[in-house]
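This report concerns only the one structure given below.
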Amino acid sequence: MSLLRLEGIEAAYGAAQALFGVDLAVEEGEVLALMGRNGMGKSTTIRVICRMMKQSRGSVQFDGRDMARIPSHLAARAGLGLVPEGRRVFARLTVRENLIAAARPGAWDLRKVTGLFPRLAERSGQLAGHFSGGEQQMLAIGRALMTNPRLMLLDEATEGLAPVVRQEIWAALDAVRLDTGLSLLVVDKSLAELGRIADHAVILERGRSVWHGAMADVSGDVANTYLGV
Ligand SMILES: Nc1ncnc2c1ncn2[C@@H]1O[C@H](COP(=O)(O)OP(=O)(O)O)[C@@H](O)[C@H]1O
Ligand SMILES: [Mg+2]
């Protein structure tokens, strides 16, 4: 049984339908890249998975449960760790407070998260609002890990960051994967980096999943046709 399975997901913002049939699965311990050009429905799909939005059709099964029955404020408790689009941290809390507020029991604790991102340890007493974009993103990932999720979802986590900071984040995701075998669902624009970390890929086009397969096969014609690269 897959850890996460979406079947025939349709969803709308008011009268504007955004998803018209999304199917995808994430297996235990795997990294899935969710790909597609801007506006194709990646963030909407993530919102549906995390119960920030209700689907109008289709089903989301996570860890053997029908997520339609789970209210949004309990999504984290169900084991979903979201690093949302546009890093959202509590600006008026310190780093340490941000991390502790998210904590649930498990392998990931303050020590382990600050070990992964030493900058967070150095600045643990500072207000998150004073952080650079890269540091806030590390904190957002740290917060998601503190919930000890079964699946971590990252929506454009490296967007707008300097190359050196991006590399730090990719290296951390690699380390998380090797260390705990955590399952990841990753949305990112960098094909090269996704190619290194992801096992499988699903490509969305205008709100539909139109291609799925091995990440290694997302090149040439496939990348040309669906990603415009
Ligand atoms: N908050 C919103 N309100 C209305 N329409 C939205 C909203 N967010 C996204 N959309 C629309 O839904 C579609 C999919 O968007 P989105 O899921 O954000 O795409 P992606 O993450 O792949 O760039 C687009 O047509 C977009 O304009
Ligand atoms: Mg998006």
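Structure notes:
- Candidate set from the range 43-76 (those that are part of a loop (DSSP other than H, G, I, E, B) and over 23 Å from Leu173 (Cβ atoms)); member that is nearest to ligand 1 (Cβ to nearest atom): Met53
- Residue within the range 32-44 that is open to solvent by 20 Å² or more (accessible area, probe 1.4 Å), over 27 Å from Gly181 (Cβ atoms) and more than 16 Å from ligand 2 (Cβ to nearest atom) present: no
- The residue that is farthest from ligand 1 (Cβ to nearest atom), counting only those in the range 1-42 that are of a type in the set (Gly, Ala, Ser) and assigned to a strand (DSSP E or B), is Ala25.
- Looking only at residues in the range 77-86 that are part of a loop (DSSP other than H, G, I, E, B) and more than 13 Å from ligand 2 (Cβ to nearest atom), the one that is surrounded by the most Cβ atoms within 10 Å (Cβ to Cβ) is Gly79.
- Subset of the range 206-229 (residues that are touching a strand residue (DSSP E or B) at 6+ places or on another chain (Cβ under 8 Å) and either in contact (Cβ under 8 Å) with a residue 24 or more places away in the chain or within 22 Å of Gly58 (Cβ to Cβ) (or both)): Arg206, Gly207, Arg208, Ser209, Val210, Trp211, His212, Gly213, Met215, Val218, Tyr226, Leu227
- Meets criteria (open to solvent by 10 Å² or more (accessible area, probe 1.4 Å) and in contact with a helix residue (DSSP H, G or I) (Cβ under 6 Å, 6 or more places away or on another chain)) for Gly14: no
- Only a single item in (1) open to solvent by less than 10 Å² (accessible area, probe 1.4 Å); (2) out of contact with any Lys or Arg (no Cβ under 8 Å at 6 or more places or on another chain); (3) at pLDDT below 95 is not met by Arg69, and it is number (1).
- Looking across the range 100-144, the residues that are under 27 Å from Gly79 (Cβ atoms) and hydroxyl-bearing (Ser, Thr, Tyr) come down to Thr114, Ser124.
- Being more than 16 Å from ligand 1 (Cβ to nearest atom) and either open to solvent by 50 Å² or more (accessible area, probe 1.4 Å) or not β-branched (Val, Ile, Thr) (or both) is a description that applies to Arg96.
- Residues of the range 127-172 satisfying the condition of being crowded, with 23+ Cβ neighbours inside 10 Å and basic (Lys, Arg): Arg143
A quick yes/no check of all residues on (1) under 27 Å from Gly41 (Cβ atoms); (2) out of contact with any Gly (no Cβ under 6 Å at 6 or more places or on another chain):
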{"site": "Lys112", "(1), (2)": "no, yes"}
{"site": "Phe131", "(1), (2)": "no, yes"}
{"site": "Gln137", "(1), (2)": "yes, yes"}
{"site": "Thr147", "(1), (2)": "yes, no"}
{"site": "Met152", "(1), (2)": "yes, no"}
{"site": "Ala175", "(1), (2)": "no, yes"}
{"site": "Leu184", "(1), (2)": "yes, yes"}
{"site": "Arg206", "(1), (2)": "yes, yes"}
{"site": "Ser219", "(1), (2)": "yes, yes"}
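The values are calculated or read from the model by the stated rules, or taken from the named source; none is laboratory data. In this text, all values refer to a predicted model and were calculated from it rather than measured experimentally. Virtual Cβ from ideal backbone geometry, glycine too; neighbours counted across all protein chains shown. What goes into the accessible areas is simple: the full protein's heavy atoms, side chains included, and nothing from ligands, DNA or RNA. Shrake-Rupley method; radii C 1.70, N 1.55, O 1.52, S 1.80 Å.
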